[in-house]
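Q: The structure is given below, and queries will be raised subsequently.
The values are calculated or read from the model by the stated rules, or taken from the named source; none is laboratory data. Please read all numbers here as calculations on a predicted model, not as lab measurements. Cβ atoms come from the backbone with ideal geometry, glycine included; neighbour counts cover every protein chain shown.
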């Protein structure tokens, strides 16, 4: 019997709206300050060897030109399988008019795919040629591109990841039997609009649509903010989860955010949810 399963290869983040540089390299340089953001995500708590993701990114503008640059590193681990990626980005943005700007960005880096066969064997006396016997890894180049249209009140973002579609065969013995493993392109389309309520309060609805390997996954977020200091919101990821998130900005310098995802699929019978924590620091504005 042969079955086909579909899933994304790249990690995703519930708090992407607070660290959108990880989604779109064009975001580098759209702010007038440098910042560092880190994310830690523990998915499907209660399931053995469930996915965990750790990421760190820093980005900001050039002083005298409408350009930006940044760098990132993330480690995505699921049981015996892991992906370590690091790279750098360049972005250039131009004014369409006095209120709207558009930025384009390119990110280039490397990705290490690793699989640990030592923890995959159930019985040492049984040899399965489909499983590696030790730790095997492969390092391959990677790239992503994005465009980001923004103003004071709204934004539209589109980006494509894993552009090169490289092979990452780590078990050469089975190449002729199992075929060739490749990175699949992932496309992210998102947009949001901030609605001011009064001097203190504002509401921002946003939509993210992800496309990977003939799959579409939309998610809708609504967040409210108080004096640009405290945020709270809800995210519905279609057919997957409902998330509650909150963030705090201390003196417009230090950021901390937390999100909790409640599974809505059959996984809810086996997991108590997903926790994601974000921390960040904003440096002084560049004059």
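Q: Hey, among 115, 102, which residue is at pLDDT 95 or above, in a strand (DSSP E or B) and crowded, with 16+ Cβ neighbours inside 10 Å?
A: Result: 102 is the single residue among 115, 102 that is at pLDDT 95 or above, in a strand (DSSP E or B) and crowded, with 16+ Cβ neighbours inside 10 Å.
So that you can scan it fast, the table gives a plain yes or no per residue for (1) in contact (Cβ under 8 Å) with a residue 40 or more places away in the chain; (2) over 23 Å from residue 205 (Cα atoms):
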residue: 221; (1), (2): yes, no
residue: 226; (1), (2): no, no
residue: 232; (1), (2): no, no
residue: 235; (1), (2): yes, no
residue: 249; (1), (2): no, no
residue: 266; (1), (2): no, yes
residue: 281; (1), (2): yes, yes
residue: 284; (1), (2): yes, yes
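Q: Starting from residues that are out of contact with any helix residue (DSSP H, G or I) (no Cβ under 7 Å at 6 or more places or on another chain) and crowded, with 16+ Cβ neighbours inside 10 Å, keep the ones in segment 1-15 and report whichever is nearest to residue 246 (Cα to Cα).
A: 15
Q: Being in a loop (DSSP other than H, G, I, E, B), within 18 Å of residue 161 (Cβ to Cβ) and at pLDDT 90 or above is the filter here, so list the residues in segment 16-41 that pass it. Spell out how you get there, then give the answer.
A: Our first condition is that a residue be in a loop (DSSP other than H, G, I, E, B); within segment 16-41, this holds for 19, 23-24, 28-34.
Then keep just the ones that are within 18 Å of residue 161 (Cβ to Cβ); that gives 19, 23-24, 28.
Matches in segment 16-41: 23, 24, 28.
Residue-by-condition table, conditions (1) modelled with pLDDT of 90 or more; (2) within 22 Å of the chain's Cα centre (by Cα):
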| site | (1), (2) |
| --- | --- |
| 170 | no, no |
| 177 | no, no |
| 211 | yes, yes |
| 214 | no, yes |
| 223 | yes, yes |
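Q: A further question on this structure: Just give me the residues in segment 46-62 being surrounded by 16 or more Cβ atoms within 10 Å (Cβ to Cβ), part of a loop (DSSP other than H, G, I, E, B) and touching a residue at least 60 places away in the same chain (Cβ under 8 Å), in sequence order.
A: The one that is surrounded by 16 or more Cβ atoms within 10 Å (Cβ to Cβ), part of a loop (DSSP other than H, G, I, E, B) and touching a residue at least 60 places away in the same chain (Cβ under 8 Å): 50.
Q: Quick one: what pairs do we get from segment 78-95, first residue farther than 20 Å from residue 23 by Cα, second at pLDDT below 95 and buried (at least 19 other Cβ atoms within 10 Å of the Cβ), C-beta under 6 Å, 6+ apart or different chains?
A: Final answer for the pair search is 80/115; 81/115.
Q: Between 107, 103, which is more than 18 Å from residue 162 (Cα to Cα) and in contact with a helix residue (DSSP H, G or I) (Cβ under 8 Å, 6 or more places away or on another chain)?
A: 103
Q: Criterion first (at pLDDT 95 or above, more than 20 Å from residue 83 (Cβ to Cβ) and more than 17 Å from the chain's Cα centre (by Cα)) does residue 232 satisfy it?
A: Judged against the criteria, residue 232 is a match.
Q: Taking the stated definitions as given, is residue 80 in contact with a helix residue (DSSP H, G or I) (Cβ under 7 Å, 6 or more places away or on another chain), surrounded by fewer than 20 Cβ atoms within 10 Å (Cβ to Cβ), more than 26 Å from residue 233 (Cα to Cα) and at pLDDT below 95? Lay out the reasoning, then the answer.
A: Numbers: in contact with a helix residue (DSSP H, G or I) (Cβ under 7 Å, 6 or more places away or on another chain): yes; surrounded by fewer than 20 Cβ atoms within 10 Å (Cβ to Cβ): yes; more than 26 Å from residue 233 (Cα to Cα): yes; at pLDDT below 95: yes.
In short, yes.
Q: Answer with yes or no whether residue 85 is part of a strand (DSSP E or B), under 19 Å from the mean Cα position of the chain (by Cα), surrounded by 16 or more Cβ atoms within 10 Å (Cβ to Cβ) and modelled with pLDDT of 90 or more. Walk me through it before giving the result.
A: Details: part of a strand (DSSP E or B): yes; under 19 Å from the mean Cα position of the chain (by Cα): yes; surrounded by 16 or more Cβ atoms within 10 Å (Cβ to Cβ): yes; modelled with pLDDT of 90 or more: yes.
Taking the combined requirement at face value, the residue satisfies it.
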